[in-house]
Amino acid sequence: MTRPQPMAQETADQVRGLGFEPVVMPLFAVESEALPAETLKRDFSARVVSSRNGADRLPLAGSVRQGDVEIVYAVGAGTAEAVALRGYRDVRVADGTGASLAELICRDVDAGRLSVSAAQPLHYLAGSPRKPDIEADLAAAGVPLVTSVVYRMREISYSTDYVNEVRNTAPCAVILLYSANAARRFTQLFAGKSVASAEFQPRLICISEDVARFLPAHWRGRTVSAGTPSATSMLESLASMR
C-alpha cells in the first residue's frame, strides 16, 4: 500500500477482504496548508477539487458566510463522496482525470449551467506538486480560475536497508500506484541497483496509463492500468489476479 495515511490503511482493509495480505508503506505524507484568508471572503462561482485530499480541505458547506459557494466540481466518484461529506449537494462529477474535469467545467460554462467571470472565478483547491493539466486547460478555454494550495505531499524517506528488508521479508506480489508522484518515488526506491534483483518481480497496478508511463520500461510488461481511473477500478483489477 503506497498511498498516504489514512487512505493506505483504509485500502489495506479492502485488500485484506480480497484475500491478499497488505504491506503498508506510504511513499508520501500529506501536510495541510491553511486556506488563504482572502479566499474565504471572495465570491466564487464554484470550487474545484481533483483529489480526496483537496475535498477533505473544503470549507464545510455554509460555514464561511451567507451565500457561500454551493457548486463543487470533483474529479471522480471517490472524490465526490468526500465532497458530499463536507455538506455539499450540487456536486458535479468528472470521469476521473484532470482532462475530463476541465472538459466538464467547460461544457457547463458553454451550456449556461455555470456562470464564471473575473469577479466570480472558479476556486481550485489543489495540492503540490501537481500536474498542470487542469489549470492549463481552463486557461486555454478562457475560464477564470484562482488556485489555492491546501496540501503538500512530503516524501517519506526510507533507507536502502529498510527497503531491502521490506522486499526480502515480505515479498510483494502486487504493487498499487495511485499517482505519477508515487510511480516516480517507487521507482527511485526499488529500481536502483542497490535493491533491484531478479527475485523482485511484482505485478503493478496503476490508476491510469498516464501513471504507468512513469515506470521503467522493463517493468511495463508486468504493469496493468485500471479500467477507469479510480481506486475502485484498481481493486477490481487486483481481485482479477486471484
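Among the residues of region 76-114, which ones are part of a loop (DSSP other than H, G, I, E, B) and among the polar types (S, T, N, Q)?
THR97
Considering only residues that are over 22 Å from the mean Cα position of the chain (by Cα) and either of a type outside the set (Asp, Glu) or crowded, with 18+ Cβ neighbours inside 10 Å (or both), which ones fall in region 37-60?
ALA37, THR39, LEU40, LYS41, ARG42, PHE44, SER45
If you check ARG86 against the conditions, is it among the charged types (D, E, K, R) and under 21 Å from the mean Cα position of the chain (by Cα)?
So ARG86 fits the description; yes.
Would you check which residues across region 201-224 are of a type outside the set (Ser, Thr, Tyr) and assigned to a strand (DSSP E or B) and list them?
ARG203, LEU204, ILE205, CYS206, VAL224
Within region 156-169, restricting attention to residues that are outside any helix (DSSP H, G or I) and out of contact with any strand residue (DSSP E or B) (no Cβ under 6 Å at 6 or more places or on another chain), which residue is surrounded by the most Cβ atoms within 10 Å (Cβ to Cβ)?
TYR158
Can you pull out every residue in region 58-85 that is of a type in the set (Lys, Arg) and at pLDDT 95 or above?
none
From (1) surrounded by fewer than 13 Cβ atoms within 10 Å (Cβ to Cβ); (2) among the hydroxyl-bearing types (Ser, Thr, Tyr); (3) in a strand (DSSP E or B), pick out the condition that doesn't hold for SER148.
(1)
How many residues, within region 60-75, are part of a loop (DSSP other than H, G, I, E, B) and touching a helix residue (DSSP H, G or I) at 6+ places or on another chain (Cβ under 7 Å)?
2
Working carefully through the options ALA182, ALA198, ALA170, find the one that is aliphatic (A, V, I, L, M) and modelled with pLDDT of 85 or more.
Just one listed residue meets the conditions, ALA182.
Answer yes if at least one residue in region 35-48 is part of a strand (DSSP E or B) and of a type outside the set (Lys, Arg), and no otherwise.
Looking through region 35-48, at least one residue is part of a strand (DSSP E or B) and of a type outside the set (Lys, Arg).
The values are calculated or read from the model by the stated rules, or taken from the named source; none is laboratory data. Keep in mind that this is a model prediction, so the values were computed, not measured. Methodologically, a virtual Cβ is constructed for each residue, glycine included, from the backbone with ideal geometry; neighbour enumeration extends over all protein chains shown.
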